[in-house]
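Worksheet for the structure shown next.
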Ligand code: P6P
């Protein structure tokens, strides 16, 4: 494929970008393109709800807890409804795995070829204090035959099987960043036009960096390997940047270089972040941008999922920093301190 054909100018609309990328793949049937458009539509609607949440009564807690045992924020619920509705109406997705629902969701599109795993609104506890939050999504082809509802086997595929992954960051500006396995591109939303425009073509994460993101409030329960890596960062005068919103921390490190770590801790012995709709999509993106993601020992994308909402530790960002953290963990294991 002629690489020049792939290079589209900054300012290209998302719709045109998707269409051109589809043209570059003669066998593409347009279903994945439509699915990406459906996600972008829901993102525009959620963006509008978030931007006015301070003005109408949709901020704050919804009064029930989700499958994760976390207080559902009203915007969590609204975002979940909006993405499920857009995917159901779009017709390309047969089944959805959402952070907000214990059971997988059947859309009724039994001919749909795709599965979406989604965290509709990550970091939502930050909504009331105006900190950037995000949507994270993964797209897989179904493995069960069409003509019937999707199955949990469709949802429990390793991250290497993703056909696309992305996130929306609702921040000082709203951006959609995604990959279909041919690089990572970022689109900035212009609300007055209702369009996403290509603003960050061919994103590459710096091979190293001087930012580390980890909740040091849990440092008493860090493993020796994690503690040793964090000490190395401090000794090297790294900047600590952790705002408690995964998409915001990840996005900054993707552009500037750095590492985000959510390790096993006393409160989250298996890590806090969910494999299927937080770790895998961001791992696909970071690898496509030249970075690295693991659970400290194993490549995130190769973890074989056992349950839909399972959690895993994550070390993700600049490949040299992730490799250094893994080396400290390997040393700890060699010394018999495995955790
Ligand atoms: P802690 C938000 O709940 C989240 O899932 C991520 O967005 C964020 O990075 C992390 O959890 C914060 O968790 O335990 O440091 O408050």
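Each reported figure results from applying straightforward, stated rules to the coordinates on display, with no laboratory input. Note that the structure is a prediction, hence the values are computed from the model and not measured. No Cβ is skipped: glycine too gets one built from the backbone with ideal geometry, and neighbour counts run over all protein chains shown.
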Rounded to the nearest Å, the spacing of the alpha-carbon centers of segment 194-208 and segment 34-55 is 19
Which angle between 0 and 90 degrees, to the nearest 10, do you get for helix 224-235 versus the longest principal axis of the chain when only C-alpha atoms count? 90
Computed lengthening from residue 268 to residue 101, 0.36 nm per intervening residue step minus Cα-Cα distance: 58.1 nm
At a threshold of 8 angstrom on Cα-Cα distance, excluding pairs fewer than six apart, so keeping six or more, what relative contact order does the chain reach in percent? 15
Separation between the residue 19 and residue 239 pseudo-spin-labels, each 7 Å from Cα along Cα→Cβ, expressed in nm? 4.0
Degrees, to the nearest 10: 246-256 long Cα axis against longest axis of the chain: 80
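Quote to one decimal, in nm, the extra length available between residue 61 and residue 192 on full extension: 0.36 nm per residue of separation minus the C-alpha distance between them.
Values: separation 131, 0.36 × 131 = 47.16 nm, distance 2.96 nm.
Roughly 44.2 nm would be gained on extension.
Please work out the FRET efficiency for the pair residue 128 and residue 333, using the Cβ-Cβ distance as r and a Förster radius of 30 Å; give the result to the nearest 0.05.
0.15
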Arrange 213, 138, 173, 33 by Cβ neighbour counts within 10 Å, fewest through most, would you? 173, 33, 213, 138
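Tell me, 136, 64, 169, 104 in order of fewest to most beta-carbon neighbours within 10 Å? Walk me through the numbers before you get to the answer.
On the way: 136 29, 64 8, 169 25, 104 20.
Starting with the residue having the fewest Cβ neighbours, the order is 64, 104, 169, 136.
Over segment 14-200, calculate the relative contact order: mean separation of alpha carbon pairs under 8 Å at least 6 apart, over the residue count, as a percent. Present the calculation step by step, with values, prior to reporting the outcome.
On the way: 350 pairs, mean separation 27.7, N = 187.
Averaging sequence separation for qualifying contacts and normalising by length gives 15 percent for segment 14-200.
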If neighbour count is taken as other Cβ atoms inside 10 Å, put 35, 193 in order from fewest to most. 193, 35
Pairwise FRET efficiency - residue 200 versus residue 160, Cβ, R0 = 30 Å, nearest 0.05: 0.75
For segment 311-330 and segment 236-304, what is the separation of their C-alpha centers, rounded to whole Å? 8
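With an 8 Å Cα cut-off and a minimum separation of 6 or more residues, compute the relative contact order for segment 211-332 in percent. If you can, show how the numbers build up before the last one.
Numbers: 202 pairs, mean separation 37.4, N = 122.
For segment 211-332, the relative contact order is 31 percent.
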Residue among 67, 205, 184 with the largest mean-square fluctuation in a Gaussian network model of the chain, springs linking Cα atoms under 10 Å: 67
So which residue, out of 153, 42, 79, gets the largest mean-square fluctuation from a GNM of the chain using Cα contacts under 10 Å as springs? 153
Nearest 5 is fine: what % of DSSP beta bridges in the chain come out antiparallel, could you say? 85
